[in-house]
Amino acid sequence: MIGGVETTASIMQWFSALIPAYPEIQKRAHEELDRVVGRDRLPTIEDEINLPFCHAIIKEVERCHNPFWLGTPHVASEDFTYEGQFIPKGTVVILNTYSMHYDPSRHADPEKFNPERYVNDSTNNTESANLADPYERDHWMFGAGRRICPGMIVAEREIWLAISRMLWAFNMIEIPGEPIDLKEYDGLSGRSPVPFRIKLVPRDENVAKVLGL
Ligand code: HEM
């Protein structure tokens, strides 16, 4: 459970660091939310299917900034051969998600933060993890195979509610003179951005009303 706290928090932190740097992406998310949800209530889990751009923003944050670039080590329980490479029983196998998430044959122009690449992917993380073709998969943030993260459904919902509601409620903007470092990591294997501050400006007077403030 502790692992599930730091990881989800890290995605929300990267989202908060990235969005002020991409005003055109933020604007498009606001337009989508206002059109689909309106200004009188917060987005819910049920709205996600009708908010493909917001859904795509989350998948792209997860692709660009997986909290754990190297998955949990596993051990081969029997000899096997993968693409001509013999892997004997007992070999430690580690999923290198950085190379997969930044592989240009999977994601064109991988260094670019570009939610557009997921806009036609309506799968949730669990559906995507079950796709037969690994090249069709959204990303590998939750691992793979039998030991894939059992908390992924909780995590996905939590991240959706936090991010869609932040976008619904606020204009997220950089503080003048305090540039946000979008490259450096605070930690060893991914994790969070280095400390930063942003300004959250309520988008209209309805925000206080809807949040009950
Ligand atoms: C963004 C959020 C999260 C990420 C990126 C994440 C990622 C991962 C990864 C990569 C693994 C290892 C999978 C493997 O061994 O191949 C894992 C395992 C695990 N996760 Fe998560 N996780 C997240 C959220 C959560 C949450 C919210 C919970 C609990 C509610 C949770 C519970 C677990 C548990 C219990 C395991 C160990 C499973 C096992 O060894 O069989 N995770 N997670």
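For the reader, a short list of remarks on this structure follows.
- Filtered residues of segment 170-183 (kept if touching a strand residue (DSSP E or B) at 6+ places or on another chain (Cβ under 7 Å) and not aliphatic (A, V, I, L, M)): Phe170, Asn171, Glu174, Asp181
- Between Ile163, Ile159, Ile153, the distinction of being touching a Phe, Trp or Tyr at 6+ places or on another chain (Cβ under 6 Å) and either open to solvent by 60 Å² or more (accessible area, probe 1.4 Å) or within 16 Å of the ligand (Cβ to nearest atom) (or both) belongs to Ile163 only.
- Test: residue in segment 109-125 that is farther than 22 Å from Pro52 by Cα and within 16 Å of the ligand (Cβ to nearest atom): no
Here's the yes/no breakdown for (1) β-branched (Val, Ile, Thr); (2) without any contact (Cβ under 8 Å) to a residue 40 or more places away in the chain; (3) more than 15 Å from the ligand (Cβ to nearest atom); (4) more than 20 Å from Thr126 (Cα to Cα):
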| residue | (1), (2), (3), (4) |
| --- | --- |
| Thr7 | yes, no, no, no |
| Gln13 | no, no, no, yes |
| Tyr22 | no, no, yes, yes |
| Leu33 | no, no, yes, yes |
| Val37 | yes, no, yes, yes |
| Arg41 | no, no, yes, yes |
| Asp47 | no, no, yes, no |
| Asn50 | no, yes, yes, no |
| Lys59 | no, no, no, no |
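- Hits in segment 62-104 (condition: open to solvent by 80 Å² or more (accessible area, probe 1.4 Å) and free of Cβ contacts under 8 Å to residues at least 12 places away in the same chain): Glu78, Asp79, Phe80, Thr81, Tyr82, Glu83, Gln85, Phe86, Pro104
- Odd one out for Pro23, checked against (1) surrounded by 13 or more Cβ atoms within 10 Å (Cβ to Cβ); (2) under 28 Å from Gly151 (Cα atoms): (2)
- When Arg28 is tested against the conditions (1) under 23 Å from Ala155 (Cα atoms); (2) more than 16 Å from the ligand (Cβ to nearest atom); (3) in contact with a helix residue (DSSP H, G or I) (Cβ under 9 Å, 6 or more places away or on another chain), the lone failure is (1).
- Number of residues in segment 33-57 that are surrounded by fewer than 22 Cβ atoms within 10 Å (Cβ to Cβ) and in a helix (DSSP H, G or I): the value is 11.
The values are calculated or read from the model by the stated rules, or taken from the named source; none is laboratory data. Given the structure is predicted, the values throughout are model-derived calculations rather than measurements. Neighbour counts run over all protein chains shown; Cβ positions are idealised from the backbone, glycine included. Areas reflect the complete protein model, heavy atoms only, side chains present, ligands, DNA and RNA absent. Shrake-Rupley method; radii C 1.70, N 1.55, O 1.52, S 1.80 Å.
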